[in-house]
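Structure first, then comments.
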Amino acid sequence: MRPLTQTSADRPVAGDAPVLVARDVHKSYLSPTGPLPVLAGVDLEVQRGTILAITGTSGAGKSTLLNVLGTLDRPDRGTIEVGGRRLDALSPSDLASFRAHSLGFIFQFHHLLPEFSAEENVMMPLLLGGVSPAEARDRARAALRDTRLEQRWAHRPSELSGGEAQRVAVARALVGAPELVLADEPSGNLDPTSAAALHDLMSSLARDRHQTFVVVTHNDKLAAQADRVLRLERGRLVPAS
């Protein structure tokens, strides 16, 4: 079983290769007037154990960028590497396996299954990946402990606060020990207190577990807690002012 909490020997040292590398990434969509460029040469490197915040105006293409980085959509041009693996070189079946085992996703709405407990929701991706129920339960409870929900794993989503439900979603994203977690407005549906607690949790996970996050956000407080902030403008990433 892969340990959820890393020891100091597991943590990378200075000089480790970046977890995420994107080079000259382009993406366009068809519109009634022709191709609509969204990404126009994105270059990006993200180091292990850091939080990168991506900001930008509505419609700038932030979610498109996250979908492309997360292999939910294919770029028209350019290369993306996660953990040293070129994603464009993977077959569709290998890409699906890579997405399931190496990437974690957090969305604005938690998308928990209402008929299942917090523990069962976190177990679900492991069970779908062929992990035994006993191991999946152990790993789910470890993830819920790491997200400070050890007293709530028997509760269904309707019995949780919005902040607690979103922390279950974080646990679900982390349970497979992914190399990279991609978060799209993770606190966008939370009240300020719950949002602040979620931001603190992500910061502690990056610091203590060396977890790597790329977060799309409009929340200035979340961006301020990130190790680096970039802004998507005219299809490219530039330093935030």
If I ask for residues that are of a type in the set (D, E, K, R) and within 18 Å of residue 214 (Cα to Cα), which ones from the stretch 179-200 would you list?
179, 184, 185, 200
Out of the residues in the stretch 106-120 meeting the condition of being of a type in the set (A, V, I, L, M, F, W, C) and surrounded by fewer than 20 Cβ atoms within 10 Å (Cβ to Cβ), tell me which one is farthest from the chain's Cα centre (by Cα).
116
Please enumerate the residues belonging to the stretch 59-71 that are touching a residue at least 12 places away in the same chain (Cβ under 8 Å) and either surrounded by fewer than 17 Cβ atoms within 10 Å (Cβ to Cβ) or in contact with a Pro (Cβ under 6 Å, 6 or more places away or on another chain) (or both).
68
Kindly provide the set of residues from the stretch 15-49 that are touching a helix residue (DSSP H, G or I) at 6+ places or on another chain (Cβ under 8 Å), closer than 14 Å to residue 77 by Cα and either among the charged types (D, E, K, R) or in contact (Cβ under 8 Å) with a residue 60 or more places away in the chain (or both), ordered by number.
27, 38, 39, 42
The lone exception for residue 74 - which of (1) modelled with pLDDT of 85 or more; (2) of a type in the set (D, E, K, R); (3) over 19 Å from the mean Cα position of the chain (by Cα); (4) not in a strand (DSSP E or B) it fails:
(3)
Take the residues in the stretch 146-195 that are hydroxyl-bearing (Ser, Thr, Tyr) and surrounded by fewer than 19 Cβ atoms within 10 Å (Cβ to Cβ), then tell me which one is nearest to residue 66 (Cα to Cα).
194
From the list 192, 178, 239, exactly one residue is at pLDDT below 90 and touching a strand residue (DSSP E or B) at 6+ places or on another chain (Cβ under 7 Å). Which is it?
239
Looking at (1) modelled with pLDDT of 90 or more; (2) within 19 Å of the chain's Cα centre (by Cα); (3) of a type outside the set (Lys, Arg), which is the one condition that is false for residue 4?
(1)
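The values are calculated or read from the model by the stated rules, or taken from the named source; none is laboratory data. Predicted, not measured: the structure shown is a model, and the values here were computed from it. Glycine gets a Cβ as well: all are built from the backbone with ideal geometry, and neighbour counts include every protein chain shown.
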